[in-house]
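The values are calculated or read from the model by the stated rules, or taken from the named source; none is laboratory data. This structure is a prediction, so every number in the text was calculated from the model and none was measured. Ideal geometry is used to build each Cβ from the backbone, glycine not excepted, and the neighbour counts take in all protein chains shown. Quick note on the areas: whole protein, heavy atoms, side chains included, nothing else; ligands and nucleic acids left out. Shrake-Rupley method; radii C 1.70, N 1.55, O 1.52, S 1.80 Å.
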Amino acid sequence: MSELTINRLLEALLEGNQSLAVVESRKLLENDVKPERIVTEGIESAMTQLDAKCTVEQFNLLEIMLVGRAVMEVMKVLYPTDGSPPDTKGIVVTGALEGDVHDLGKNILRIVLTAKGYRVVDCGTDCPVEKLIDTAAQEAALTIGVSGLITTVIPQVRQVTAILSERGLGHIKVMAGGAALKQATAESLNVDFVAQTAFDGVHYIDQILEVK
Amino acid sequence: MPLLIAKIEKSERRIPFTPGRSLRDILDATESRVRSGCRGSGACGFCRVQIEAGKVNEPTPNEYTLLGSARLEKGIRLACQVMPEDDLRIVVLEPAPKSNWRSLFAEEDEVRRIKTSLTLREFQSEVEHPYGVAVDLGTTRISLSLLELSSGKRLAGRYGLNPQMRFGSDIMTRLVAASESQIQAQTMRQQVIEAIGEAMLDIATREGINLKIVTRLALVGNTAMLTLLSGRNYGMLLQPSSWMSYVDCLPQDTESWAVSWDIYPRARIEVIAPLAGFVGSDLLAGVVATRVTENEAGALLIDFGTNSEIALWDGQTLWVTSAAGGPAFEGSGTSCGIPAEPGAVYRVSLENGELDFAVIADGKVRGMCGSGLIDLIANLVKSGRLGKTGRFTSNVPGECFKLVEGEQNLYLTKGDVDVFQRAKAAIGAGINILLEKAGMGSRNLHRICIGGAFGQFLNVGNAQDIGLLPNIQTDLIELCGNTALAGCEWFLLSSEATKSLEILTEQVKIINLAQCDDFEDIFFKNLYIEPMAGS
Ligand code: B12
Ligand code: FES
């Protein structure tokens with residue numbers, strides 16, 4: 001029974017049908033399916049399929065936002081208190097640096113990471129590098145994810161790793177993404193990784209965890 | 001449409017045209033211009049062509065004088081004196097030297113001039129019959145026109161690429177380049193001053209106009225372009241904190257410009273100040289030219305570009321914002337996009353399920369411009385080939401839609417649709433948010449004026465079907481062309497226009513989309529390819 005309905009949830013999610021997805025996940029809970037299982041078999045596998053579809057040529061913002069929104073609603077059903085599972089694989093601090101007010105891409109990253117079991121602490125937009133690093137230190141973050149949509153933020157991105165090591169936080173990895181940064185190489189931005197898409201970023205973090 | 005086949009140097013061009021213009025004017029709209037030295041009055045004798053086939057009007061007296069009957073018998077004519085009505089085949093005997101500048105047509109703005117009848121300034125000057133020049137300094141394009149100050153008549157106009165493109169196609173990249181190095185800032189500044197001079201020189205040599213009697217010049221532009229032109233405060237725009245405040249960017253060395261342009265040495269050069277933040281004097285000029293604030297009725301002005309500027313008049317307040325949708329409607333950023341120039345598909349229509357299209361100037365398809373993109377997407381949705389979320393349906397085999405295939409290819413990819421959706425959503429969200437701030441709905445709109453990227457080609461119905469424009473009666477929507485240049489001409493010509501500018505600045509409220517909490521939700525809704533919500 002639950003097998004079948006998890007599939008129904010998966011389909012609803014992939015279609016981005018938010019209300020159906022919520023109905024299906026409520027049904028699953030009523031049938032005593034554990035939230036963890038709904039996350040791994042429903043949400044995470046929806047994300048994996050979306051990931052496969054989201055190559056650079058195949059990307060469609062609306063499709064991703066639809067799925068993302070449905071996922072976030074289901075998370076709220078599963079974890080009514082704060083919309084994310086109590087134990088997480090790790091913490092990721094995200095932000096857009098001073099002068100950059102774009103946050104749509106960063107919000108998608110948050111959804112994808114949350115769906116994959118990470119906790120995201122978002123410093124918002126127009127955020128000074130120092131604030132991003134303070135937050136990462138406080139939260140004992142695994143990684144910092146910098147999102148950049150306008151080219152003007154590049155000099156700030158280049159500083160992040162240096163300041164981290166100055167403050168003895170060199171173990172925190174830095175990844176960058178967003179339309180203005182993804183053409184650049186990790187060396188030129190002085191970061192550990194440059195992601196083409198939000199999924200790319202998740203693969204990178206998954207990989208850090210595996211190595212650990 | 002009748003077809004003109006023109007042989008020029010070694011190539012042959014096929015140019016569909018609407019009768020009513022001289023052959024010189026028709027050629028002027030393409031890259032294959034004929035030489036010319038008298039504004040087409042039939043006085044210089046430079047614009048020689050040979051008619052190979054097709055019927056045209058009898059030679060004019062000027063042609064008898066300048067060409068003689070022997071040449072006329074061979075079919076040699078002056079292009080400015082020939083008014084073709086039907087299909088025609090010609091050889092351009094005297095091609096114009098290559099230029100970075102193309103002609104703007106006089107008729108387009110003449111229409112606007114009649115609608116707006118302001119009183120002209122009294123010009124006191126040491127020069128008899130002085131001329132004035134109006135300049136619209138755009139991020140992508142520089143457009144300028146030369147007018148007779150006493151009558152307000154536009155004698156000639158030119159447009160060409162802003163040479164700063166070499167430093168980056170968008171304003172942010174250029175502002176950063178200027179902030180990085182004084183030398184780069186100086187170069188960009190110089191490039192624009194020189195480009196304006198070059199365009200004026202093109203007019204002078206081609207139309208036989210004496211620049212020494214240009215006694216006045218007015219210039220409008222977006223704030224970023226004005227800071228780069230004056231070399232002042234370009235760093236300010238990089239800080240979100242200054243987006244709502246006035247940016248001082250009036251140049252302080254205009255006397256030296258007059259010298260380098262070789263115009264009247266004491267010419268009055270006036271750069272119109274921007275409003276605040278990114279809202280430049282180009283938008284203000286557009287508001288003055290279209291007179292959207294003229295009465296109580298609600299009206300909307302959209303100036304399409306990489307950064308589209310939107311102004312909404314609610315009867316008392318003018319709400320303005322700028323929405324950075326990217327350059328998709330200017331024919332850039334997509335795999336198939338090119339600007340609206342020869343070879344661009346500018347119109348796509350749907351008949352019995354089949355798509356048909358029209359190409360600017362010669363028959364060869366090189367890409368698709370903004371208006372073509374809108375038509376294509378609207379018709380793909382209408383014919384069930386594209387879903388409203390931007391996904392191709394099973395009616396489209398493969399990964400993309402193939403409009404033209406064979407010798408030339410023109411494909412619309414899924415990625416192109418995505419880029420289009422974002423550009424449309426940014427503008428749609430801008431419109432929705434302004435309407436919301438003003439407490440209005442589309443039913444309160446009695447007029448929509450469209451300026452910028454689309455020129456005269458936009459199919460308004462299609463633009464509404466895909467949600468780029470609010471749904472109001474299509475006859476209330478006007479295609480106004482370059483409203484910034486038209487407004488700038490008015491600043492040049494009339495003190496009333498300058499006064500209305502002063503009143504305007506008191507009525508404006510700037511909205512920063514980045515500070516709207518529900519931007520993401522509204523943007524999301526506008527990503528759908530469907531008519532705009534709300535009434
Ligand atoms: C929406 C938008 C806006 C909105 C932003 C609202 C908001 N709350 O975000 C508004 C209208 C406010 C705006 C304002 C401006 N914008 Co704007 N905007 C856009 C637009 C249309 C879409 C951007 C977007 O959201 N993309 C969707 C997201 C999902 O894509 P993404 O961020 O790349 O994210 C994906 C990946 O990259 C990845 N990702 C993103 N970040 C990260 C981080 C990590 C760590 C990882 C792993 C992955 C990752 O995840 C996502 C999914 O895979 C683009 C043009 C376009 N067609 O793309 C211009 C654009 C980004 N804007 C631009 C500009 C210039 C501006 C303005 C300066 C314009 C102006 N004159 O007013 C202002 C101010 C901006 C500023 N200083 O920050 C330019 C930037 C040019 C440049 N070279 O820098 C663009 C490219 C348009 C253009 N061509 O001119 N803009
Ligand atoms: S005679 Fe035709 S342009 Fe001068």
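Please determine, by comparing only the residues of segment A:151-181 that are away from chain B (no Cβ under 14 Å) and in a loop (DSSP other than H, G, I, E, B), which one is nearest to A:L109 (Cα to Cα).
Among those residues, the one meeting the criterion is A:I172.
Please give the number of the condition B:I26 fails out of (1) buried (at least 19 other Cβ atoms within 10 Å of the Cβ); (2) within 12 Å of ligand 2 (Cβ to nearest atom).
All conditions pass for B:I26, except number (2).
Quick check on my filter: what residues within segment B:258-306 are outside the structural domain of B:K212 (by TED's automatic domain parsing) and open to solvent by 20 Å² or more (accessible area, probe 1.4 Å)?
Hits for segment B:258-306 are B:R291, B:T293, B:E294, B:N295, B:E296, B:A297, B:D303, B:T306.
Checking the structure you have, find out if any residue of segment B:203-213 is open to solvent by less than 30 Å² (accessible area, probe 1.4 Å) and acidic (D, E).
yes
Do any residues in segment B:313-325 that are closer than 13 Å to B:V287 by Cβ and open to solvent by 10 Å² or more (accessible area, probe 1.4 Å) have Cβ atoms under 9 Å from those of residues that are among the aromatic types (F, W, Y) and at pLDDT 95 or above, where the two are at least six apart or on different chains, and which pairs are they?
Correct list of pairs: B:W319/B:W313.
Those residues that are polar (S, T, N, Q) and either touching a helix residue (DSSP H, G or I) at 6+ places or on another chain (Cβ under 9 Å) or more than 11 Å from chain A (Cβ to nearest Cβ) (or both), I need them from segment B:412-424; list them, please.
Across segment B:412-424, the qualifying residue is only B:Q421.
Suppose we keep only residues that are of a type in the set (D, E, K, R), at pLDDT 90 or above and buried (at least 17 other Cβ atoms within 10 Å of the Cβ) within segment B:126-168. Which one would you say is farthest from B:A185 (Cα to Cα)?
For segment B:126-168, the residue satisfying everything is B:R158.
Just need a number here: residues in segment B:330-381 that are open to solvent by 30 Å² or more (accessible area, probe 1.4 Å) and of a type in the set (F, W, Y).
1
Which of the residues that make up segment B:32-82 are of a type in the set (D, E) and either farther than 19 Å from B:R21 by Cα or buried (at least 18 other Cβ atoms within 10 Å of the Cβ) (or both)?
The answer is B:E52, B:E63, B:E73.
Look through segment A:179-193, keep the residues that are closer than 15 Å to A:G95 by Cα and either open to solvent by less than 20 Å² (accessible area, probe 1.4 Å) or among the basic types (K, R) (or both), and return whichever of them is farthest from ligand 2 (Cβ to nearest atom).
Residues of segment A:179-193 closer than 15 Å to A:G95 by Cα: A:179-181, A:191.
Those still in the list that are either open to solvent by less than 20 Å² (accessible area, probe 1.4 Å) or among the basic types (K, R) (or both) too: A:180-181, A:191.
On the way: A:A180: 48, A:L181: 53, A:V191: 60 Å.
Looking at the filtered set, the residue picked out is A:V191.
List the pairs whose first member sits in segment B:57-71 and is closer than 10 Å to B:V82 by Cα, whose second member is part of a loop (DSSP other than H, G, I, E, B) and more than 12 Å from ligand 2 (Cβ to nearest atom), and whose Cβ atoms are under 9 Å apart, counting only residues at least 6 apart or on separate chains?
Sorted first by the residue in segment B:57-71, then by its partner, the pairs are B:N57/B:M83; B:N57/B:P84; B:N57/B:E85.
What are the pairs, 6+ residues apart or on separate chains, where a residue within segment B:220-238 that is away from chain A (no Cβ under 12 Å) has its Cβ under 6 Å from a residue that is open to solvent by 10 Å² or more (accessible area, probe 1.4 Å) and among the polar types (S, T, N, Q)?
Going by the 6 Å Cβ cut-off, the qualifying pairs are B:T227/B:N233.
Go through segment A:58-100 and report how many residues are within 14 Å of ligand 1 (Cβ to nearest atom), more than 15 Å from A:A21 (Cα to Cα) and open to solvent by 40 Å² or more (accessible area, probe 1.4 Å).
3
Taking segment A:118-162 as the region of interest, how many residues are touching a residue at least 60 places away in the same chain (Cβ under 8 Å) and open to solvent by less than 10 Å² (accessible area, probe 1.4 Å)?
First, the residues of segment A:118-162 that are touching a residue at least 60 places away in the same chain (Cβ under 8 Å): A:118, A:142-143, A:157.
From the residues that got through so far, the ones that are open to solvent by less than 10 Å² (accessible area, probe 1.4 Å) too are A:118, A:143, A:157.
Selection size over segment A:118-162: 3.
Evaluate the following for B:I427: is it away from chain A (no Cβ under 14 Å) and assigned to a strand (DSSP E or B)?
Against the criterion (away from chain A (no Cβ under 14 Å) and assigned to a strand (DSSP E or B)), B:I427 does not qualify.
Show the residue pairs meeting these rules: Cβ distance below 8 Å; 6+ apart or different chains; first residue within segment B:326-346 and under 16 Å from B:K402 (Cα atoms); second residue among the basic types (K, R) and more than 16 Å from ligand 2 (Cβ to nearest atom).
From segment B:326-346, the pairs are B:A344/B:R366.
Would you mind listing the helices (runs of 4 or more DSSP H) fully within segment B:439-535 where at least 1 residues are within 14 Å of chain A (Cβ to nearest Cβ)? Steps first, please.
Numbers: elements: B:460-465, B:483-493, B:495-507, B:519-527.
Here the list reads B:519-527.
Do we find that B:L527 is open to solvent by less than 20 Å² (accessible area, probe 1.4 Å) and either closer than 30 Å to A:I64 by Cα or within 16 Å of ligand 1 (Cβ to nearest atom) (or both) in this structure?
On the way: open to solvent by less than 20 Å² (accessible area, probe 1.4 Å): yes; either closer than 30 Å to A:I64 by Cα or within 16 Å of ligand 1 (Cβ to nearest atom) (or both): yes.
In short, yes.
Right, B:A204: out of contact with any Pro (no Cβ under 9 Å at 6 or more places or on another chain) and under 30 Å from B:G325 (Cβ atoms) or not?
no
Please determine, by comparing only the residues of segment A:22-48 that are over 20 Å from the mean Cα position of the chain (by Cα) and of a type in the set (A, V, I, L, M, F, W, C), which one is surrounded by the most Cβ atoms within 10 Å (Cβ to Cβ). Break it down into steps so the answer makes sense when it comes.
Narrowing segment A:22-48 to residues over 20 Å from the mean Cα position of the chain (by Cα): A:22-34.
In the following step, the residues that additionally are of a type in the set (A, V, I, L, M, F, W, C) were identified as A:22-23, A:28-29, A:33.
Numbers: A:V22: 17, A:V23: 15, A:L28: 25, A:L29: 14, A:V33: 20.
Among them, the one singled out is A:L28.
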